[in-house]
Every structure is written in structure tokens, then in C-alpha cells.
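As C-alpha cells, the structure follows; a few thoughts come after it.
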Amino acid sequence: MSPTALTNRVSQDARRTAVDALQAQGAAPFFRQVQSPIEATTTVDGRPRIMLASNNYLSLANHPQVVSAARAATTRFGAATLGSRLYSGTTDLHVELERELADWHGAAEVLFTTGYQTSVGTICGLIGAGDTVVVDSAIHASIQDGCRLSGAATRTFQHNDVDSLREQLQHVADRGGACLVVVEGLYSMEGDVPPLRSIAEACREYEASLMVDEAHSIGLFGADRTGLVSHYDVADLVEIRMGTFSKALASTGGFIAGSTELVDTLRVNARAFIFSMSAVPAAVASALAAVRIARSDEGAALAARAVANADHLRQLLSDRGITGGGVTPSESGTPLSGPIVSIELGEELAAVATWNRIFDADVFTGLSLFPAVPQGKALLRLSVMATHTEDQLDRVAAVVGAALQDHRTSEKSH
């Protein structure tokens, strides 16, 4: 078969070639094989390593109640659903989970099969040509893709900058059509949070709808742990709240909380909902169990422990001259901490080498490279769990500190 234009493009793809070269050397920070449950120490590539590369903030992924619920659902319903929820895929478990979420958020709920589909499906189901979406410059790729697919005009404001947001809202004030502003409750790369009350008030002033992606903040913030909207008590100013189960809530899937009219509109208009297989029973049941734990006193203790562990790791790193992100000045006056400790490494190949030093010392961290972050601004991403011990965090700080010392020495020599 003769080469086509697509064949030639694939054969010359620079990103694939770079990844292939790293994998040939055994140095790629991608597709590492996990061979045990996601716990504070997890077997990765055949060795136990301290796990800091997961979003299992509340340590619920292997919680006995969560695992038991998934097992029971599989026994009852089997491994799969029949198809789209709209036509044949809803079980009473799906309905029960939506009711639990509705009670938790005080709003109507609709489930999607993945978090990515939740973002894309919601934006495309509500916004279209003639409308405008205004997003934070650090917004997640799923939101960016939803904006592109919707056909709406997209404008970007500087990260967490309310004055920049107001400039963009002023630009579209007389444009006509709907205006949707989208921010995250906890930014997954930097680990910081937005000044949500000020953002919500700006949206109200310019009659723009506000959507908050609580994917990384649910289970952690607010008295009820529904996220940053609850922490700042601005539910009356937020039209759409999005969340996922794949972080603190130990499963897969996503949901939207909003008015009954908005949720019912998504049920019949969101293509990512209509034309996708519904979540399998095990995933729905484990999410339901995780939500109930997150709402309990146990959930409150786990959330507090996750944040305290992250703060402890930041202090250990600071003692070694390393600044770890994830603490944000709060509009209420008290700095707000999250479980993500981010460290900027800079150039990508040097960052990969540093990641490998840490991995070889049996600490498994995240590494964020372009396009997840801007080119030349690679991030070491440490995701702390409630069940990490002080001894483990001491070990992490020592390993990361030594690796970053080597990293800085290498940078100076170049």
C-alpha cells in the first residue's frame, strides 16, 4: 500500500518520535504499569513506590465500602449496561446516585459517563454559534475542547485575574447571545483556587452565566465538601456546577448540578450524554458509596487530613529551599490549601530526567508537560492523599529535594 498524506504525517509526528525515543531508553514518564490498588504505597513497574501521581485525595479508591459496593453491583447487574441512558442504559443505581448528589448539592443532577464528556457535553448542549464562552487561561483541556466544538466565540482572561475577566466581559457585553464564564474550583496543574466570590459578582454585574468545574475540589472544600462554591457560599450566583468521580470520589464519571430546567435540557440536547454508553454498574455503585463517605464525619476527617498532609509536605520542601504551590490567598482572609503540590521545573527534557531520578528512588510523582502546561514550564505535580504517613512524606521531601538539587546544578552547567 502506497503512503498517504496521513501516513506521512503520522510517521513524522515529532511528539510521537520524542516519546518513542524516551520509551526505548526506559525513561518515559508515561504508561507506567500499576500492579496494585492505588494506596499511599502502590506497586508500579514491579516495585512498591510512594504514590503521589494519583488524584485519590481522600484515599477512597480501595476503601472497603467502595470496593464492596462495586462488587455487589457487578454481581447484581453484570459488567455492563445496555447502551445510552436515554434509551436503554439507566438502572436504579444511576437514579439513586443522582438523587444522592441532588440532596448533597441542593440542585438537580444529571450523570455523564466520564468527566471529559461532562465538560464537552454541557458546553455543547447549552452554548452555540452567536454565544460567547469566557474561560480562565489555565482552564482544563476538556473545557477548551467543549468551547471549540460548540461553535461559540471563545475569549480567555488571565489566570485568576478578576480585572482581566472584567475586560473580557466588557468586550462581549453588547455582542448579543448568551455569555458563559468557566473557571475551576481547584486548578489541577498549579493546585491553586480562584477568587470565586469576586468572579461570581463580576458575572452577575455583566449578566453572564457562571460554570464552576469542581472536579478537583469536590470532597475537599466547603462545610459540606461539595467544593469551592460551598466554601465561598456563592451557590446562588453559580448557574452550573460540574464535578467528577475520578478524583476524590474514587470512581469514573461526571455530573452537572443546576436547575431542573438546565439539567433536563442537557438530558435531551447534550450529544455526549445521548450518544454514549452509560456508566457501568460497578462505577456507579462505587461512586455512590464514595459520595456517602465524603458526606460523613469520616469524609470530613479524610479531607482535613489530605490538606494537612499537603501542608506538611510543603513545609518539608520549604525547609530545603523548595517552593511548592497549592496555597492561595483567600477572599475570606485565610489562605486556602489544597492537596496538589506543584513545583516548576522548566525545560521538558531536564524535567523528564529529574522525574526519573525521583521514580528510581521509589517515589511516583506526576509530571505535567506541554500541552498540559505551556512549553518550557514543566511541572512536577505531587498529589497528596489522606493516608500518607509522616515517614512517607519525609522520604518524599528528601528524594525530591536531592533530585531538584541535581536539576538546578544541571541547569547552571548549561
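The values are calculated or read from the model by the stated rules, or taken from the named source; none is laboratory data. Note that the coordinates shown come from a computational prediction; the quantities given were computed from them, not determined experimentally. Note: ideal-geometry Cβ built from the backbone for every residue, glycine included; neighbour counts use all protein chains shown. Note: accessible area is taken over every heavy atom of the protein model, side chains too, but ligands, DNA and RNA are not part of it. Shrake-Rupley method; radii C 1.70, N 1.55, O 1.52, S 1.80 Å.
Inspect the stretch 135-145 for any residue being more than 24 Å from Thr226 (Cβ to Cβ), among the polar types (S, T, N, Q) and in a loop (DSSP other than H, G, I, E, B) and give the result as yes or no. Checked the stretch 135-145: at least one residue is more than 24 Å from Thr226 (Cβ to Cβ), among the polar types (S, T, N, Q) and in a loop (DSSP other than H, G, I, E, B). Inspect all residues belonging to the stretch 94-106 and state whether any of them is part of a loop (DSSP other than H, G, I, E, B), open to solvent by 20 Å² or more (accessible area, probe 1.4 Å) and out of contact with any helix residue (DSSP H, G or I) (no Cβ under 8 Å at 6 or more places or on another chain). No. Contact annotation: residue pairs with Cβ atoms under 8 Å, 6 or more positions apart or on different chains, pairing a residue in the stretch 256-284 that is within 27 Å of Ala72 (Cα to Cα) and open to solvent by 10 Å² or more (accessible area, probe 1.4 Å) with a partner that is among the charged types (D, E, K, R) and part of a helix (DSSP H, G or I), are Phe273/Arg85; Phe273/Arg267; Ala282/Arg71. Just one of the numbered conditions (1) under 26 Å from His159 (Cβ atoms); (2) open to solvent by 20 Å² or more (accessible area, probe 1.4 Å); (3) hydrophobic (A, V, I, L, M, F, W, C) is not true of Phe364: (1). The residue list Ala398, Ala303 contains one member that is under 22 Å from Pro194 (Cβ atoms) and either modelled with pLDDT of 95 or more or buried (at least 23 other Cβ atoms within 10 Å of the Cβ) (or both), which is Ala303.
Could you check, for the stretch 343-358, whether at least one of its residues is in contact with a Ser or Thr (Cβ under 8 Å, 6 or more places away or on another chain) and among the charged types (D, E, K, R)? No, the stretch 343-358 contains no residue that is in contact with a Ser or Thr (Cβ under 8 Å, 6 or more places away or on another chain) and among the charged types (D, E, K, R).
Here Glu96 fulfils each of the conditions (1) modelled with pLDDT of 95 or more; (2) within 30 Å of Gln33 (Cα to Cα); (3) not polar (S, T, N, Q) apart from (2). Of all positions in the stretch 220-243, at least one carries a residue that is open to solvent by 50 Å² or more (accessible area, probe 1.4 Å), aliphatic (A, V, I, L, M) and either without any contact (Cβ under 8 Å) to a residue 60 or more places away in the chain or within 26 Å of Gly324 (Cβ to Cβ) (or both).
For the stretch 118-147, the set of residues classified as under 15 Å from the mean Cα position of the chain (by Cα), open to solvent by 40 Å² or more (accessible area, probe 1.4 Å) and farther than 23 Å from Gln158 by Cα is empty. Annotation: of all residues in the stretch 22-48 being charged (D, E, K, R) and not in a strand (DSSP E or B), the one that is nearest to Val66 (Cα to Cα) is Glu39.
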